[in-house]
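Before I ask anything, let me first share the structure, which is written out below as structure tokens.
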Amino acid sequence: MANYAILVDDRYCIGCNTCFYKCVQENRLHEEASRSLHRTMVFLDQGEEPGKYHHRCMHCENPVCAAVCTTGAMSKSDYGAVLYEPDICIACRSCVLACPYKVPQYDEEAKGIVKCSMCAHRVVQGNIPACVEACPTSALEFGEAKALRAKAEKIAAEEGLVLYGVGTNVMVLTTKEPTSLGYPKAPVVTGKRSVLGEVFASLIDE
Amino acid sequence: MRAFTNGMAMPTVKQGVVCMHEKKITRRSFLKLAGALGAVTVITPPLRNLKVVRAFGKHSQEKPAYTVTKRIPQVCARACEADCAYYVTVGVDQATGLERALSLEGRPEDPVSRGKYCIKGLAFVDSLYDPDRLLVSMKRTNPKRGMNEDPGWVVIPSQQAVDEIIDKFKKLRREEIIMCSPGDPYTNLLCKSLGIRRSDQRTECFGTHYFINTLMITNPPNKFYSSTYTPTHSIWGYDYSNTNYMLWFGFDSFSKAGKAGILNHIAEGKRKGAKIVAFNPVKTPLADDIADEWYPIKPGTDLAVLLAMLKIVLDEGLYDENYLREYSDAAALVDVKTGRHVASQDGKWLVWSKEKNGVETIDECRAPAFDGGPYTFELDGRTVSAKPVLQLIKETVKDYTPEWAASITDVPAKDIARIAREFAKAAPKVCIPCLKRDAAGPNYANSWRLRHAINILQALVGAIDREGGVLLLNGVKIPWLEEVSPPVKEFPEQPTWSPDFRHEFPISEKIYREKDFSAPGHYGILGYGLYETDVIKAVFFRSPYRGLYSLIQPQMVEKALEKMELVVDWNMYMTDVAYWCDYVLPGGHQFEESKLDARQYYPKYPCYVGGLPVQKSPGDCIGWGAIAMRIGMAMAPEYWTTDGSGDPSKTIPTNLGERALQEQGIASSMGEFMEKGGFWMDDSPYEDGKTLREIGYGRPNGRIRLYVDDFLDVGHEALPRWAPRWTQPEGEYKFSTVITRAPWHIHADPNFLNNPALKPLTQMNYIDCVWIHPDAGKEIGVSEGDWVVLETNPRYMPKEPRPVRAKVHLSKRVGRKDCVLLFHGMGYRTKHLRVAQNLGYREGDLIPQKDPAIVKKHDPTGMGWVEDVYVRIRKG
């Protein structure tokens, strides 16, 4: 099976959150959603500048959540998705603390984590994730990671866009600096340190 | 950023630094933390989880949460007019083991949705099971009405409730009853047969569009305009996928962002290089990137931009003369003395022939004069001086320079001129879409002029009834009940007086009484009429999806309802209006109906799609058709039986969808149609101009009527001139209200407002707040999250004011300091909507019901002024 990725072309996103609700229905997360927990959501006005912020798991190539997970409940699959196994999670919340994208949400009632699975149950059947299928403007694209990354880089270069999500399997193309829209500052993947090291380094107030 | 972690204090990430309780971690405390983590990590090998540890197919997240057992075709016919066709997936929910409707799958063959659907469609699936759905009829036993009174509800069988309502109706005169409902087939026949008035809440949605478009283009009865499940009164769609250039005036794009039926087309058009220019005081998500240019125009002034654009196009000859000659009255002569079209004895418009130096009929003349004059000639024994319509338009707009418009609108003059030229150059594949609650809709008292000006501009460049431009309705329809079974005798006269004062608006009254009974009613005046007069004794609301609380100044209606003898609501929920009702009847869910839909929203190809019920309506739900039939048979059986006999075995056929299919030769029954897949389309190429010819003015070669004589009859002008808004800012009342709604809400529909999964989405996106520009907040001393009170200028709302209290969100999406962005349709108080109760505020409370005497001076259609409101904002 290929290594898959999702490309979000924010230029075509209109913030309708059809992706959010399709995800809720696909994964039967209504109860969690009613308690403000979500796997993906588009925020319409979170940053300093008008724009949209896609809050979703970035399915990092080297996920920090998996690195710090004390039980192996978080793991990287060989098809790109970072998966979560609730049965072995001990709710230590290390992933919540460590994730540079502020993705994992702790579910107080279930004593577990809410996080996107890249619709692994669909991908393994040869289908695309539910959010990608549902997007009314086709702002989301799903495909082989290397090819999608190359496409994203080409569009970014040609159109003068910012590519957010280097080092992940979820890439976002924006016309503005992502942090001005509400995105967390992405960890710099320099290769000199592991992502885990980058995150820990950034925690220290020098 | 709002926390979204169920109330628990959580670390936040700021600039890559994880902060506990808003404090940065120091090296010392980090080392403590790392030590603690480290103690845990030595339990498992380091870096273990950076590598793949799970083989494919072995993880619990690779198992689906449900299994689909059925896919039931449906048409989304209540949320918006896109009427997307899709499948409702039914299956077993693993968590409960029960079979239920779960989600949607697209129908790629549908030319409207093309395999897409939207968040509202998805939410409809879950609203089938909303625990607050009304499943039984309720009857009041406490006669005292009001929000703070216990109605003393008792449950009664729905049939009995209808029979009791009939008994009460029989004791009233027909002038004393008002039916508050859209003009669907059953309501139309019921009101006609009983001889009672109908008004409806789509005034604020469609009214302005409908009447202007009707007067300029469709010349009802339009053979193609017909009943659908979502009577939109939109006479056209837009070819977004193939257009070169779009101007968006308002184009209320928070809410349009939920219309999958047009979004997929807009996205395609954009990908193919369409240019989009948006004029809107608010930078909506559609303006982030999809629009190429965005101008934070001063609210209510879009008309000035249009008039200046018309001047540029006319002065520089950027119009399509061939198109105007074929498809409009641009060359038609107007008598300078009377201001009316000049016509031959058989009613054909006359033009000045340059070749013959005399008059000819508009269809005969190949070289008419479009300008110049006055031309003088003899006609029927009198001397007439006349000018062509186009000449009059030029004279009307001659002073409306881009500089003039810039001073009014805050849109730079050079941009107005440039955009006008670009738009004309990109024609005919251009359009100016507007779909209700837009600046070009019924929002302002001058919006009818804006609509008129927009239509003129689209006609000048030849964009109406053209591929890539404005697409008119095509050749399929769903018949009305009266067409399937014509009445055996004349309907009784409608009462001359109407509580919505429609009778004082000859333009809308004439169309309603003589041409199209489904024409939008004057809901924005209905509340005024019920409050100020004592004629009406019975009010019947047909609520689902668009109840009372889509109305403006509902508190005035509530007060009026206190004095009624009978108030009835047919609804899916017990909304606030129930506190004033004597009976509430339970309506079914739209997915519990069969449907046939004619795809009006994207009418490029004649097309029908069908839908089947996902389930039977539960409990004692009663359909609208059943209610209408029962009342009709009890009170006017001669119109509800095929031979007028009143014999219950001869009730009129109601299989409208089936008749439509039979007439087109598609299928002999709905069952056969659905067995064949429930889809039919004629994908022949769109024939430019064909529909105009068939339905326009001046038939048999129909045309667009740019010059609307009818307005002269009511003291207004036949061509659009500049007019300011009805209201102006005054002192502290300086914030102009701009109204929109979230993509996942529509009107005041509890199907979405009462959805527990959508509530946090609403709150986390500040939809339950009022939005102002950060600088405006500074000026009035208001910070993010502060509670404020909004009050309308009492000069314009002298009676029944009801200030609104809400939280503030400061946002640069509000492009101007003089605006406040409000989100429509929330603010329910009833405990019977457990999720929607106290969610947000009701912006309608700030908008005054309309005094018809004032409205007439500004708007002959009586439809506008919803956003001609200035409020003050104070902390509180």
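The values are calculated or read from the model by the stated rules, or taken from the named source; none is laboratory data. Note that the coordinates shown come from a computational prediction; the quantities given were computed from them, not determined experimentally. Backbone-built Cβ (ideal geometry, glycine too); neighbour counts: all protein chains shown.
Select from segment A:115-139 the residues that are at the interface with chain B (Cβ under 10 Å from one of its Cβ atoms) and not in a loop (DSSP other than H, G, I, E, B) and write down the one among them that is farthest from A:Asn169 (Cα to Cα).
Looking at residues that are at the interface with chain B (Cβ under 10 Å from one of its Cβ atoms) and not in a loop (DSSP other than H, G, I, E, B), I get A:Ala134.
Report yes if some residue within segment B:657-674 is under 26 Å from the mean Cα position of the chain (by Cα) and outside any loop (DSSP other than H, G, I, E, B); otherwise report no.
As a first pass, look at segment B:657-674 and keep what is under 26 Å from the mean Cα position of the chain (by Cα): B:657, B:660.
Those left that are additionally outside any loop (DSSP other than H, G, I, E, B): B:657, B:660.
Looking through segment B:657-674, at least one residue is under 26 Å from the mean Cα position of the chain (by Cα) and outside any loop (DSSP other than H, G, I, E, B).
Can you pull out every residue in segment A:92-139 that is among the hydroxyl-bearing types (Ser, Thr, Tyr), more than 23 Å from A:Gly167 (Cα to Cα) and in contact (Cβ under 8 Å) with a residue 24 or more places away in the chain?
Across segment A:92-139, the qualifying residues are A:Thr137, A:Ser138.
Quickly run through segment A:1-41 and pick out the residues that are of a type in the set (S, T, N, Q) and either at the interface with chain B (Cβ under 8 Å from one of its Cβ atoms) or in contact with a Pro (Cβ under 9 Å, 6 or more places away or on another chain) (or both).
Looking only at segment A:1-41, we keep the residues that are of a type in the set (S, T, N, Q), and these are A:3, A:17-18, A:25, A:27, A:34, A:36, A:40.
Listed by number, the residues that qualify are A:Asn17, A:Thr18, A:Gln25, A:Asn27, A:Ser34, A:Ser36.
If we keep just the residues of segment B:68-89 that are among the hydroxyl-bearing types (Ser, Thr, Tyr) and within 11 Å of chain A (Cβ to nearest Cβ), which is surrounded by the fewest Cβ atoms within 10 Å (Cβ to Cβ)?
Ranking the qualifying residues of segment B:68-89, first place goes to B:Thr89.
Can you tell me which residues in segment B:77-98 are part of a loop (DSSP other than H, G, I, E, B) and in contact with a strand residue (DSSP E or B) (Cβ under 7 Å, 6 or more places away or on another chain)?
B:Ala77, B:Asp83, B:Gln94
Has segment B:816-827 got at least one residue that is within 14 Å of chain A (Cβ to nearest Cβ), buried (at least 21 other Cβ atoms within 10 Å of the Cβ) and closer than 30 Å to B:Arg133 by Cα?
Scanning segment B:816-827 turns up at least one residue that is within 14 Å of chain A (Cβ to nearest Cβ), buried (at least 21 other Cβ atoms within 10 Å of the Cβ) and closer than 30 Å to B:Arg133 by Cα.
Out of the helices (runs of 4 or more DSSP H) lying entirely within segment B:411-518, which hold 1 or more residues that are within 24 Å of the chain's Cα centre (by Cα)?
B:447-460, B:506-510
If you don't mind, there's one more thing I want to ask. Check off (1) within 7 Å of chain B (Cβ to nearest Cβ); (2) buried (at least 24 other Cβ atoms within 10 Å of the Cβ) for A:Asn62 and give me the number that stays unchecked.
Going through (1) within 7 Å of chain B (Cβ to nearest Cβ); (2) buried (at least 24 other Cβ atoms within 10 Å of the Cβ) one by one, A:Asn62 breaks only (2).
A further question follows. Residue under question is B:Val788, and the condition is that it be at pLDDT 95 or above, within 14 Å of chain A (Cβ to nearest Cβ) and either in a strand (DSSP E or B) or touching a Lys or Arg at 6+ places or on another chain (Cβ under 6 Å) (or both); does it hold?
In short, no.
Still on this structure: Of all residues in segment B:741-773, how many are outside any loop (DSSP other than H, G, I, E, B), closer than 27 Å to A:Leu181 by Cβ and of a type outside the set (Lys, Arg)?
Residues that pass the stated criteria total 11.
Please tell me if A:Ala156 is at the interface with chain B (Cβ under 8 Å from one of its Cβ atoms), of a type in the set (Gly, Ala, Ser) and in contact (Cβ under 8 Å) with a residue 12 or more places away in the chain.
So A:Ala156 fails the test.
Does B:Ile166 count as in a helix (DSSP H, G or I), among the aliphatic types (A, V, I, L, M), touching a residue at least 24 places away in the same chain (Cβ under 8 Å) and surrounded by fewer than 22 Cβ atoms within 10 Å (Cβ to Cβ)? Give the derivation first.
Details: in a helix (DSSP H, G or I): yes; among the aliphatic types (A, V, I, L, M): yes; touching a residue at least 24 places away in the same chain (Cβ under 8 Å): yes; surrounded by fewer than 22 Cβ atoms within 10 Å (Cβ to Cβ): yes.
Judged against the criteria, B:Ile166 is a match.
Being within 24 Å of B:Arg173 (Cβ to Cβ), in contact with a helix residue (DSSP H, G or I) (Cβ under 6 Å, 6 or more places away or on another chain), at pLDDT below 95 and surrounded by 24 or more Cβ atoms within 10 Å (Cβ to Cβ) is the requirement here; does B:Gly527 meet it?
Yes, satisfied.
Please work out if A:Ala147 is within 22 Å of A:Pro63 (Cβ to Cβ), at pLDDT 95 or above and not in a loop (DSSP other than H, G, I, E, B).
Working: within 22 Å of A:Pro63 (Cβ to Cβ): yes; at pLDDT 95 or above: yes; not in a loop (DSSP other than H, G, I, E, B): yes.
It is true that A:Ala147 is within 22 Å of A:Pro63 (Cβ to Cβ), at pLDDT 95 or above and not in a loop (DSSP other than H, G, I, E, B).
Specify the residue that is surrounded by the fewest Cβ atoms within 10 Å (Cβ to Cβ); the eligible residues are those in segment B:99-114 that are touching a residue at least 24 places away in the same chain (Cβ under 8 Å) and in a loop (DSSP other than H, G, I, E, B).
Looking at the filtered set, the residue picked out is B:Glu109.
Against the condition of a type in the set (A, V, I, L, M) and touching a helix residue (DSSP H, G or I) at 6+ places or on another chain (Cβ under 9 Å), how does B:Val384 come out, does it pass? Before you say what the answer is, go through the steps one by one.
On the way: of a type in the set (A, V, I, L, M): yes; touching a helix residue (DSSP H, G or I) at 6+ places or on another chain (Cβ under 9 Å): no.
For B:Val384, the condition - of a type in the set (A, V, I, L, M) and touching a helix residue (DSSP H, G or I) at 6+ places or on another chain (Cβ under 9 Å) - is not met.
Of B:Asp415, B:Asp410, which residue is surrounded by fewer than 23 Cβ atoms within 10 Å (Cβ to Cβ), at pLDDT 95 or above and on the phi > 0 side of the Ramachandran plot?
Only one candidate passes the filter, namely B:Asp410.
Each row is one residue, and each column tells you yes or no for (1) more than 9 Å from every other protein chain (Cβ to nearest Cβ); (2) modelled with pLDDT under 95; (3) crowded, with 17+ Cβ neighbours inside 10 Å.
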residue: A:Thr168; (1), (2), (3): yes, no, yes
residue: A:Leu173; (1), (2), (3): yes, no, yes
residue: A:Thr179; (1), (2), (3): no, no, yes
residue: A:Pro184; (1), (2), (3): no, no, yes
residue: A:Phe200; (1), (2), (3): no, yes, yes
residue: A:Glu206; (1), (2), (3): no, yes, no
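Just checking, how many residues over segment A:42-53 are in contact with a Phe, Trp or Tyr (Cβ under 9 Å, 6 or more places away or on another chain) and within 7 Å of another protein chain (Cβ to nearest Cβ)?
5
In segment B:139-148, is there at least one residue being free of Cβ contacts under 8 Å to residues at least 60 places away in the same chain, β-branched (Val, Ile, Thr) and surrounded by fewer than 23 Cβ atoms within 10 Å (Cβ to Cβ)?
yes
Which residue, of B:Glu321, B:Glu293, is in contact (Cβ under 8 Å) with a residue 12 or more places away in the chain, within 14 Å of chain A (Cβ to nearest Cβ) and acidic (Asp, Glu)?
Residue meeting the stated conditions: B:Glu293.
Hey, does segment B:637-650 have a residue that's touching a residue at least 12 places away in the same chain (Cβ under 8 Å), surrounded by 16 or more Cβ atoms within 10 Å (Cβ to Cβ) and closer than 30 Å to B:Ser113 by Cβ?
No: zero hits.
Tally up the residues in segment B:105-115 that are over 14 Å from B:Val75 (Cβ atoms) and touching a Cys at 6+ places or on another chain (Cβ under 8 Å), please.
Counting residues in segment B:105-115 that are over 14 Å from B:Val75 (Cβ atoms) and touching a Cys at 6+ places or on another chain (Cβ under 8 Å) gives 0.
Turning to a different aspect of this structure: For segment A:74-99, give me the residue count where each residue is in contact with a helix residue (DSSP H, G or I) (Cβ under 9 Å, 6 or more places away or on another chain), at the interface with another protein chain (Cβ under 9 Å from one of its Cβ atoms) and of a type outside the set (Ser, Thr, Tyr).
Adding up the residues that qualify gives 12.
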